[in-house]
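First up is the structure itself, then whatever we jot down about it.
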Amino acid sequence: MAVPLFDTKTPLAPLRDDLDARVRAVMDDGRFILGPEVSAFEADFAGYLGVAHAIGVANGTDALTLALRALDVGPGDEVVVPSFTFYASAEAIGPTGATPVFCDVDPVTMCVTAETVRAALTPQTKAVIVVDLFGNVPRMDEIMALGVPVVEDAAQAAGSTFQGRRAGSLATVATFSFFPSKNLGAFGDGGAVTTDDDAIAERVRMLRFHGSRDKQTFELVGHNSRLDEMQAAILRVQLPSLDAWCDGRRAAAAHYEAAGLGEHAALPVPVEGADPAWHLYVIRHERADELAAALRAAGIGHKVYYRRPAHAQPAMAPYPPRVPLPGTEQAARTHLAIPMSPVLTREQADEVVAAVRDARLD
Ligand SMILES: Cc1ncc(COP(=O)(O)O)c(C=O)c1O
């Protein structure tokens, strides 16, 4: 039995009639940019997270750039960012004119810690990007205590919690991607910035619309970066299902544990205090490439995400790491994502674990 890496279709099937109706309603209404669906989704999503503001933007990369610009990050400033993340976490610093400063991750949780962040701070540090990697949530309490504004990149962590609070509500400002494969995914690109800070929210609202409050006067050189009405409508239909889908992801992780996966590979480890809604289920193995080949032969979905971490990407050559990154290098070498979805069954988990066991790489 082949097991796919993701299953985005099955969870959406029960929502199909609602989705059809809401998409049709947007077409009938005829307002496609910053209309009632975007406002309603922003209110729904802020309520879900327990924050004062959610601002819909075009994608998760823009969400980071706008959040940084709202913090007044600019040329001459430094922004600390982990290297072991999707490249966009670091790329998003570029348009602000600030310098990315790479920090390390803990090789077990694959997340930043207060220590790895502290090691990269300098008097020029204006902000830190903390990534909720794979749905895991770093020790945000300890990182916030460092006293530097924190942008929580929660692109991979919709529905995760830390100390009982939702990912996306834990830092100075947070960002989401609604890329279709995410825990909460649109039918195209989408993103959001979330915060309790009124001034940051107001600035992000201006920045997403060409730096204007009233569409007449342009106070900043901004961006054209809006969540569109159709995607907002689609996300509103899905949001009430997010917690159930996240429980399905947690159940899938429990299936892997019960099936004995931990005897053959290192399982994902939640950060203390975190309850991850695993976006990706990423195991670690010293012979990850051989394991990937065995899974391919067995028809089991798998993917290596960040074998070449952000600091080693050609575009980041002007920003060589200033601190050693041993955790990053270890995670980059050993990680391997295996199937994860809200509907992954025990039978599918057994199939995956059998393929890992049969690879005989222990
Ligand atoms: C951690 C992280 N940050 C940022 C992004 C960028 O989001 P987007 O693709 O919506 O621009 C992604 C995902 O794609 C991501 O996984």
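A few remarks follow.
- Residues of segment 302-356 satisfying the condition of being out of contact with any helix residue (DSSP H, G or I) (no Cβ under 6 Å at 6 or more places or on another chain) and part of a strand (DSSP E or B): K303, H335, A337
- Qualifying residue in segment 105-114 (condition: over 24 Å from L267 (Cβ atoms), more than 12 Å from the ligand (Cβ to nearest atom) and in contact with a strand residue (DSSP E or B) (Cβ under 9 Å, 6 or more places away or on another chain)): no
- E142 vs. criteria closer than 19 Å to A201 by Cβ and either surrounded by fewer than 18 Cβ atoms within 10 Å (Cβ to Cβ) or of a type in the set (D, E) (or both): no
- Residue satisfying all of: in segment 91-142; part of a strand (DSSP E or B) and under 14 Å from the mean Cα position of the chain (by Cα); nearest to I283 (Cα to Cα) among these: V131
- When segment 51-76 is limited to residues that are open to solvent by 30 Å² or more (accessible area, probe 1.4 Å) and farther than 26 Å from S39 by Cβ, the one that is nearest to the chain's Cα centre (by Cα) turns out to be D72.
- Of the residues making up segment 147-182, those that are among the polar types (S, T, N, Q), open to solvent by 10 Å² or more (accessible area, probe 1.4 Å) and more than 11 Å from the ligand (Cβ to nearest atom) are T161, Q163, S169, T172.
- Leading residue by the ranking (surrounded by the most Cβ atoms within 10 Å (Cβ to Cβ)) among those in segment 183-218 that are small (G, A, S) and within 16 Å of the ligand (Cβ to nearest atom): A192
- Among the criteria (1) open to solvent by 20 Å² or more (accessible area, probe 1.4 Å); (2) closer than 22 Å to D243 by Cβ, the one F41 does not fulfil is (1).
The values are calculated or read from the model by the stated rules, or taken from the named source; none is laboratory data. If you're wondering where the values come from, they're calculated on a predicted model, not measured in any experiment. Cβ coordinates were reconstructed from backbone atoms using ideal geometry, including for glycine residues, and neighbour counts include every protein chain displayed. For accessibility, only protein heavy atoms count, side chains too; no ligands or nucleic acids. Shrake-Rupley method; radii C 1.70, N 1.55, O 1.52, S 1.80 Å.
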